[in-house]
Structures are given as C-alpha cells and as structure tokens.
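Trainee: Have a look at this one before I ask anything.
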Amino acid sequence: MRRRLEYAPVWLIIRIFSILPRPIARGLGMTLAHGIRLLHRRLWNVGLRNLQLAFPEKPDKERRHILRGVYTSLGRQLAEFTKFPQYTKDNIKKIAVYEGFENFERARELGKGVLFMTAHLGGWEIGAFAHSIYGNKLNVMMRELDNPYLDRLVTNYRSLHGNTMMLKDDFARGLIGAMRRGETVGILMDTNMTPPQGVFVPFFGHLACTASGVARVALRTGAAVVPAFTIWDNELGKYRIHFEPAIRLASTGDDDADAIANTAAFTKKIEEFVRRYPDQWLWVHRRWKARPAGEPSLY
C-alpha cells in the first residue's frame, strides 16, 4: 500500500502533463524541476562539487548557471517522457531527428551487433524511444526501479514501439547473446561503479570508476561501439540524435589492459560531449564517489 501511495503523485503528474499542449507541458516540467532544485539542496551541492572538480577554471557564477541548465534539461525531458504514447512515425520528426545516422547504419551492417553507447546527456530517454519509432529497435540495459508500480509504467512507456528492457543483473550473458544475434543494445556508461564491475579511468582529469563490461563484450564478440547522444537544440526546437563513428578498439591480446584502454576511450568520448553541452549532463550524480584504494573521498 505504501508503494502504491508513493506512486500516486507520479501517476498524477504524468496524466496532467500528457493532456497539456507540448509547450505548456515543457514549461511546467521545467518549473517542477527547478522546484526540486530549491527543495533538495543536497543534489544541488553535489552538482556544484562535480562542476568544481570538472571545471576548476570557471568562476562559481558560471558553474551555477550550468547547473541551473541541468534542471531545465531534466524538466524538458520529463515533459516529453509523459507524451511517449503520443509519439508516432508521423510526428516524431517534430520531436527528434537523426544526425550522422550513417555511422550507426555502417556499424549495424557489419552484422556483429552494435553497442549504442550513450550517457545521461540531453534527452537520453527520448533518443532510445525515437530510435525505435524510426524502425531501429533497441535492447535497453536498465536497473529495476525500487517502486514496482513506477517500474511497470516506465517499462511500458519505453517499450511501446518494440524496445526490449534488459536487466543489469543479467548484464554479461544478455549482452553477449544480443551481439551474437546482431542486435543493438543501448547502454548508459557515465555512472559511478565499484570494483570489480568497474575500472578507474580519467574523466575530467580525475579517476572515475567506470563499467568495463562493454569493452570486454565488444572485444569478445567483435561488436561495434557507436557513441550516440541525444542533444537538445534550441535553434531547431527539438532533439538531435547524434551518432559518432564506431570507436576503434585496442586489441593487444592482454584482456585486462585492453578493457581499461577501451573503457578510457569510451569515457573520453563522453567527456568530449559533456564539455560541448555541460548544461545538459546529469551533474547531480556523484560520478567520482568510488576512489582507488587509499585515496580520500572527493565529496
């Protein structure tokens, strides 16, 4: 009963947003996100600390400006998420358009599977969902949400156009199986991990524990790792699903060294795009929480 009651406000927000015109829903989503910013100062403080670590050269005023933009970005994505059932092949181009799709298509044609490597940047939920509407179904690696009612709703929305959810508990086996079938799997690679699931690689000049499973699976299966980021474009008034060329993998025969080198290359690409669009990345996550043995906490 308690979890059902916890779910009720979320359900109400989704229902209200879904019936509003898109511009109004976006505005309301941004207002709600900034309300959370004011109420939950712990998240704000985490964001400021992360920005101090990433951009020590920037003045505090600029870092605060970037962080306010993050909440705007999250509120915009929330509004769009509530309208997933209204997305169709006829209207999706008003929401999100492809950029560099030939990079994804070239990788898929190799027939060994594609690892759609992305980050909590811009509209990551919109990118995966729009990709399926355009006829390119994804397996999406995810963690079950704590509230089963919310988990069921989110899973239903994500899979409306054929995307399949893969639980992180079955990460390696599920990923290898999908690659052997020549499928595509979307993976968010910018969250804090803990050894042995992660290895420490540079991110904004600080070591960050990062999932190494993607690199290991790519080397084992020959799958292509294609960076893909869904960026909000103010001039277009919509999202761009941008694909980079597949990353060339280091393959020396030393599995552990190659896993670290390739994970570092993936993380470097993510950093490149976060630097381009700093106000669209999820700075409120403690990305540098895990530390190498003997190092003090950065928080």
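Where a number appears in this text, it was derived from the coordinates with a stated rule and is not lab data. These figures come from a predicted structure and were not determined experimentally. In this analysis, Cβ positions are derived from the backbone assuming ideal geometry, glycine residues included, and neighbour counts consider all displayed protein chains.
Trainee: Over all directions, average the projected area of the Cα convex hull of the range 191-292 and note it in nm².
Mentor: Computed as one quarter of the Cα hull surface, the answer is 7.1 nm².
Trainee: Any idea what the relative contact order of the range 137-226 is, in percent, if you count C-alpha pairs under 8 Å spaced at least 6 apart?
Mentor: 26 percent
Trainee: Oh, and also: What's the long-distance tail for the chain, i.e. % of Cα pairs beyond 27 Å?
Mentor: Above the 27 Å cut-off, the chain has 42 percent of its Cα pairs.
Trainee: Relative contact order of the range 88-280, please, whole-number percent, based on alpha carbon pairs below 8 angstrom and at least 6 residues apart.
Mentor: About 30 percent, as a whole number.
Trainee: Suppose only helical runs count, i.e. DSSP H with n ≥ 4. What mean residue ellipticity at 222 nm does that imply for the chain under -39500 (n - 2.57) per run, divided by all residues and rounded to the nearest 500 deg cm²/dmol?
Mentor: Rounded to the nearest 500, it is -15500 deg cm²/dmol.
Trainee: Semi-axes of the equivalent ellipsoid of the range 188-240: what are they in whole Å, largest first, if each equals the square root of 5 times a C-alpha gyration tensor eigenvalue?
Mentor: They are 27, 17, 8 Å, listed largest first.
Trainee: For the residue pair Lys94 and Leu12, what label-to-label distance in nm results when each label sits 7 Å from Cα along the Cα-to-beta-carbon direction?
Mentor: It is 2.9 nm.
Trainee: Take Arg37, Arg276, Arg108 and order them by how many other Cβ atoms sit within 10 Å, fewest up front.
Mentor: Arranged by neighbour count, lowest to highest, Arg37, Arg276, Arg108 become Arg276, Arg108, Arg37.
Trainee: In Å and whole numbers, how far do the C-alpha atoms of the range 39-146 stretch along each principal axis, longest first?
Mentor: Sorted from largest, the Cα extents of the range 39-146 read 46, 32, 31 Å.
Trainee: When the Karplus curve 6.51 cos²θ - 1.76 cosθ + 1.60 is applied with θ = phi - 60°, which whole-Hz ³J(HN,Hα) does each residue of the range 252-260 get, with x for Gly and Pro?
Mentor: Whole-Hz 3J(HN,Hα) from phi for the range 252-260: 9, x, 9, 4, 5, 5, 5, 4, 5.
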